[in-house]
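Below is one structure, written out as structure tokens; the observations come after it.
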Amino acid sequence: MAIQSTITLNNGTVIPQVGLGVFQTPDGDVTVNAVRTALEAGYRHIDTAMIYRNEASVGEGVRRSGVPREDIFVTTKLWNDDIRAHRAKDAFQESLDRLGMDYVDLYLIHWPADGWQQAWDDMQEIYASGRAKAIGVSNFHEHHLDELLRNSDVTPAADQVESSPQFPNQPLIDTLHAKGIAAEAWSPLGGTGGSLLAAPALAEIGARYDKSPAQVVIRWHIQRGVVVLPKSTHAERIRQNLDVFDFTLSAADMAAVDALATGKRNGSDPDDFSF
Ligand SMILES: NC(=O)c1ccc[n+]([C@@H]2O[C@H](COP(=O)([O-])OP(=O)(O)OC[C@H]3O[C@@H](n4cnc5c(N)ncnc54)[C@H](OP(=O)(O)O)[C@@H]3O)[C@@H](O)[C@H]2O)c1
């Protein structure tokens with residue numbers, strides 16, 4: 001039984017479909033231990049960002065796990081202030097230095113902040129240097145992608161966007177897949193402090209598969225063909241969130257999860273953000 005599945009990005013790079021998210025995971029031992037626990041449990045994908053302020057601990061967790069660097073897919077992201085200040089190349093090197101790595105697997109523009117067009121040009125240079133194995137974007141709507149593709153020959157490998165049963169973002173995800181861009185789901189469990197996992201329907205479905213509500217939701221994402229980035233700082237949950245490859249949700253159960261959609265975002269709209 002496979003404990004992971006992968007998706008091949010449009011440049012041939014292979015990304016594990018489940019990754020550990022570390023947004024709001026405190027720098028220091030908490031992040032080091034979360035990353036180590038995940039890697040020991042079989043995760044091979046960690047999703048961080050400059051603005052999470054824990055890149056150094058992610059690097060430390062990777063090294064302490066004993067898993068070879070080349071077996072792990074590491075993503076980090078270019079923050080908005082650095083986009084606006086046209087600092088993409090320096091900011092990228094600073095991220096590498098904090099991670100203690102000489103490359104990342106995926107480097108993303110975190111939000112379409114003013115100046116993202118130049119950032120995309122700079123990221124293509126970073127990609128050409130081999131220090132990012134793939135480059136992509138996050139929180140890009142279809143209109144941002146259309147502008148990008150009008151001005152660049154390089155199609156982003158991925159777009160990391162909000163997606164959960166409450167806000168599936170399905171039209172955008174369908175567009176990404178049609179363009180050959182991998183869709184990555186952020187706040188896949190409804191986010192920290194969210195109400196999703198308390199939905200009775202998830203407990204009811206999970207009981208029939210002997211799985212938790214979180215496992216049902218992660219499985220739903222996998223069956224939609226998206227990359228899913230659950231965050232937890234608890235070892236038991238980190239392990240549980242990868243234990244999703246020994247069952248398949250029926251079409252009726254997928255539809256029951258779809259029915260949890262509220263039409264409301266958990267986070268900011270990429271056309272209206274103030275950070
Ligand atoms: N690109 C972007 O703009 C963007 C934005 C937001 C997030 N992200 C990425 O997406 C990742 C995930 O999103 P997120 O951190 O917002 O939220 P999330 O993964 O949807 O939800 C995290 C919450 O779920 C809880 N949880 C995790 N596993 C659980 C389980 N098995 N049972 C019960 N509760 C569980 C966590 O609690 P504990 O930690 O206490 O266990 C935490 O409160 C982030 O970490 C980050 O990597 C990217």
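Quick one: grab the alpha carbon gyration tensor of the chain, order the square roots of its eigenvalues as a ≥ b ≥ c, and give me rounded if a/c is under 1.5, else prolate or oblate depending on whether a/b is larger than b/c.
On the way: a/c = 1.72, a/b = 1.27, b/c = 1.36.
Oblate is the answer for the chain, as a/c is 1.5 or above yet b/c matches or exceeds a/b.
log₁₀ I(q)/I(0) of region 54-165 at q = 0.17 Å⁻¹, via Debye over equal Cα point scatterers, no solvent, to two decimals?
Here the Debye-derived log intensity ratios amount to -0.80.
Restricting to region 33-152, compute how many DSSP beta bridges are antiparallel as a %, nearest 5.
Numbers: 0 of 11 bridges.
Bridges in region 33-152 that DSSP calls antiparallel: roughly 0 percent.
For Glu204 and Gln223, calculate 0.36 nm times their separation in residues minus their Cα-Cα distance, and state this gained length in nm to one decimal.
5.0 nm
Farthest toward the dipole's positive end in the chain, which of Ala183, Val216, His144, given Cβ charges of +1 (Lys, Arg) and -1 (Asp, Glu) about the Cα centre?
Comparing the listed Cα positions along the dipole, Val216 ranks first.
Work out, in µm²/s and without decimals, the Stokes-Einstein translational diffusion coefficient of region 79-137 at 37 °C, 0.692 mPa s, Rh from Kirkwood over C-alpha pairs. Working shown, then result.
Values: Rh = 11.1 Å.
The calculation lands on 295 µm²/s.
Report the Cα-based extents of region 9-114 along its three principal axes, largest first, to the nearest Å.
Cα spread of region 9-114 along its principal axes, largest to smallest: 40, 33, 22 Å.
Restricting things to Cα coordinates, could you compute the convex hull volume per residue of region 183-275 in Å³? Could you put the intermediate results ahead of the total?
Working: hull volume 10.7 nm³, N = 93.
That works out to 115 Å³ per residue.
What share of Cα pairs, in percent, lie more than 17 angstrom apart in region 152-196?
Numbers: 354 of 990 pairs.
Result: 36 percent of Cα pairs exceed 17 Å.
Compare Asp210, Asp153, Asp102 in a GNM of the chain, Cα atoms joined below 10 Å, and give the one with the largest fluctuation.
Judging by the Gaussian network model, the answer is Asp153.
Quick one: length gained pulling Gln117 to Asp81 fully straight, 0.36 nm per residue minus the C-alpha distance? Please report the intermediate quantities before stating the final value.
On the way: separation 36, 0.36 × 36 = 12.96 nm, distance 1.41 nm.
Fully extending the segment from Gln117 to Asp81 adds 11.6 nm.
How many times 2.2 N^0.38 Å is the alpha carbon radius of gyration of region 125-229? Before the final figure, lay out each step's value.
Numbers: Rg = 16.2 Å, N = 105, 2.2 N^0.38 = 12.9 Å.
Normalised Cα radius of gyration, region 125-229: 1.25.
Which trypsin sites (Lys or Arg not before Pro) does region 207-275 hold that lie in a coil by DSSP with at most 16 other beta carbons within 10 Å?
On the way: sites: Arg208, Lys211, Arg219, Arg224, Lys231, Arg237, Arg239, Lys264, Arg265; in loops: Lys211, Arg224, Lys264, Arg265.
Those satisfying the criteria are Lys264, Arg265.
Calculate one ³J(HN,Hα) per residue across region 14-21 by plugging θ = phi - 60° into the Karplus curve 6.51 cos²θ - 1.76 cosθ + 1.60, and present them in order as whole Hz with x for glycine and proline.
Each residue of region 14-21 in turn: 9, 10, x, 6, 10, x, 7, x Hz.
Throughout, read-outs are computed from the coordinates displayed, never taken from laboratory work. Model, not experiment: these values are computed from the prediction. A quick note on method: Cβ atoms are made from the backbone with ideal geometry, for glycine too, and the neighbour counts reach across all protein chains shown.
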